[in-house]
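Beneath this line is the structure, given in structure tokens, with notes to follow.
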Amino acid sequence: RLEPVDRPARGPALPLPGLPRPLWLLPEPVPLSERDQRPWWRGPLTLLAGPERIETGWWDDGLVQRDYFIAEDASSGWVWIFRTRTGNADAGWFLQGMFG
């Protein structure tokens, strides 16, 4: 005969690590300009959260190192931007997605 197993009571769900993800990702990242050491897209962006470091391709020749941020602009709301961490030609700020 099987006996019931005592299980601890479930507490509140723990948040997933990392920052939230946007609902809309762009097909390709859009380069952003920088003014007064701030990323700029339709106006200055204010960094709200981050960085969240994402790295991939370290096992092959496709190394990608990015620091992602949630930023806000005065008209469009929250956007997901990143800054590359390598000193190559693709360095700088990029728009990756937008929150709904």
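What follows is calculated from the coordinates using simple rules that are stated; it is not laboratory data. These numbers come from a predicted model, not from an experiment. A quick note on method: Cβ atoms are made from the backbone with ideal geometry, for glycine too, and the neighbour counts reach across all protein chains shown.
Data for the structure
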read-out: Local electrostatic count, residue 68, Cβ distance below 9 Å [Lys/Arg +1, Asp/Glu -1]; value: +1
read-out: DSSP-loop trypsin sites (Lys or Arg not before Pro) across the range 19-100, with at most 16 other Cβ within 10 angstrom; value: 42, 85
